[in-house]
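Read through the structure below, which is laid out as structure tokens, and then see the notes.
Nothing in this text is a laboratory measurement; each read-out follows from the coordinates by a stated rule. Values in this document were obtained by computation on a predicted structure and should not be read as measured data. So basically every Cβ, Gly included, is an ideal-geometry build from the backbone, and we count neighbours across all protein chains shown.
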Amino acid sequence: MELRVLDHVPPGFLDAQAPSLTGILPGPTLFDLPGRRPEPLFASVLLHGNEDTGLLAVQEVLRRYRDQELPRRLLLFVGNVEAAAAGVRTLDSQLDYNRAWPGTLHPEAPEAALMRQVVDYVAQQKPFASIDIHNNTGVNPHYACLNRLEPVYLHLARLFSRTVVFFEKPVGVQSSAMAELCPAVTVECGKTGDHSATAHAVEFVEACLALSHFPEHAPVPSDFDLLRTFAVVKVPRDNTLSFDGSEADFRFLEDIDHRNFFELEPGSEFGALGGEQSARLLVEAEDDAPVADYFDYAGGKIRLSTRTVPAMLTRDIRAVRLDCLCYLMHRIDFEGKRQD
Ligand SMILES: [Zn+2]
């Protein structure tokens, strides 16, 4: 896969909807757009084809600057236009565009070669900061994710939200590859189709472009709700699941995604087991240590056995299959130490 680099915005791009982008951009494209400050902001959108808030946001920002110079040079990577055309996160034939960056578990994949080209190009331009814009499928607050707890990374995250999540897994994500070059964050803008999500993302991109330098002072702990993901929860491939009460190995609560970012106590219910009642969730620890017991299945109920804060709980079965049921988090301080 050859990376296409454009030094201008092609006609029709600013008004195109994600599913029709392939008519304008035949494949993944990196725009290199001039601006007043030469060290570029790198932004990626549509790494997941059905998450269009990032696209809508950069279209709006570029419309605002149609007749004037950007305050800072912008490197804009528009990712999985093919998946966008199909209205899905990733095509079955593809490696997930946000699991293919350097550090990926699948460096031999064509998508990994593409992302290496992007990183090489961006690295040569001495980037000022990097942002990657996403949506969730469940109900979540808007939050920023980072892979380093250094002051400039925290300052960048705080431009988007006071809720900040530090994570090390999954690997192969844009923000961890770019963190080697400059302050980098992923921002999660809630569900697609929400106008306030786009407005928030526009504000964030504008703030990043307008920022001349990061504050010198240390970030203030009381300005942040800082969490770290400690485990990812998956449904084993061979098990069935439901969110509407219908018969399945895992019958999750219908409103399970309303628990995201709430401090849950041991005993909090996620649903019930069906069938033989022998199914168990797959809980993978971030640091590869064996996970103690986050869940308890007594009486055929699926309950938390440990106090934790879930994120990205979704009732989208396809998203569960492609990624996970949720992440489990704990509060941390700036040193990364658990606070509970
Ligand atoms: Zn995403």
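Note on the chain: Cα convex hull, mean projected area over all directions, 16.9 nm².
Charge dipole (Cα centre; +1 on Lys/Arg Cβ, -1 on Asp/Glu Cβ; no other charges) of the chain amounts to roughly 440 debye. Region 15-80 and region 207-247 have their alpha-carbon centroids 24 Å apart.
Determine the percent antiparallel among the DSSP beta bridges restricted to region 112-265, to the nearest 5. Looking only at bridges with both residues in region 112-265, the antiparallel portion is about 20 percent. Seen against the Cα atoms of the chain and their longest principal axis, helix 195-210 is set at about 50 degrees.
Rounded to 0.05, the FRET efficiency of the Ser196 and Gln124 pair, given R0 = 25 Å and the Cβ-Cβ distance, is 0.10.
Close amide H pairs (under 5 Å, H built 1.01 Å from N) link Phe230 with Leu328, Met329, His330, residues at least 5 positions away or on another chain.
Relative contact order of region 86-127, taken over Cα pairs closer than 8 Å and 6 or more residues apart, is 25 percent.
The alpha-carbon atoms of region 2-78, seen along their principal axes, cover 32, 27, 21 angstrom, with the largest extent given first.
Compared with the dominant Cα axis of the chain, that is its longest principal axis, helix 110-124 is turned about 50°. On C-alpha positions alone, give me the angle between the axis of helix 53-64 and the longest principal axis of the chain, in degrees, nearest 10. So the inclination is approximately 20 degrees.
Between Arg64 and Val171, the FRET efficiency from the beta-carbon distance, with R0 = 35 Å, is close to 0.45. Take every pair of alpha-carbon atoms less than 8 Å apart whose residues are at least six positions apart; their mean separation over the length of the chain yields a relative contact order of 15 percent.
Considering region 1-156, its Cα convex hull presents a mean projected area of 9.9 nm².
Take each peptide in 1-14, 150-163, count the other Cβ atoms within 10 Å of every residue, and average; sorted highest first, the result is 150-163, 1-14.
Between Glu150 and Ser93, the simple label model (points 7 Å from Cα in the Cβ direction) yields a spacing of 4.0 nm.
Projecting the Cα atoms of Ala16, Ile332, Pro310 onto the charge dipole of the chain (Cβ charges, centred on the Cα centre) puts Ala16 farthest toward the positive pole. Under 19 Å from a label point set 7 Å out along the Cα-to-Cβ vector of Arg237, the amide N atoms of region 296-337 belong to 317-326.
When +1 charges are put on Lys and Arg Cβ atoms and -1 charges on Asp and Glu Cβ atoms, the dipole computed for region 229-331 relative to its Cα centre reaches about 60 debye.
In terms of packing, defined here as the mean over residues of other Cβ atoms within 10 angstrom, the peptides 59-67, 319-327 line up highest first as 319-327, 59-67.
Cross-link partners among lysines for Lys191, C-alpha distance below 26 Å, same-chain residues fewer than 8 apart left out? Leaving aside lysines fewer than 8 places away in the same chain, those within reach of Lys191 are Lys169, Lys234. Sorting the segments 166-173, 264-271 by their residues' average number of neighbouring beta-carbon atoms within 10 angstrom, most packed first, yields 166-173, 264-271.
Close amide H partners of Thr192, meaning residues 5 or more places away or on another chain with modelled amide H under 5 Å apart, are Asn136. Each of Asp316 and Ser20 was given a label point 7 Å from its Cα along the Cα-to-Cβ line. The distance between the two points is 2.3 nm.
At q = 0.18 Å⁻¹ the log10 of I(q)/I(0) for region 227-323 amounts to -0.84, computed by Debye summation with a single uniform scatterer per C-alpha, solvent ignored.
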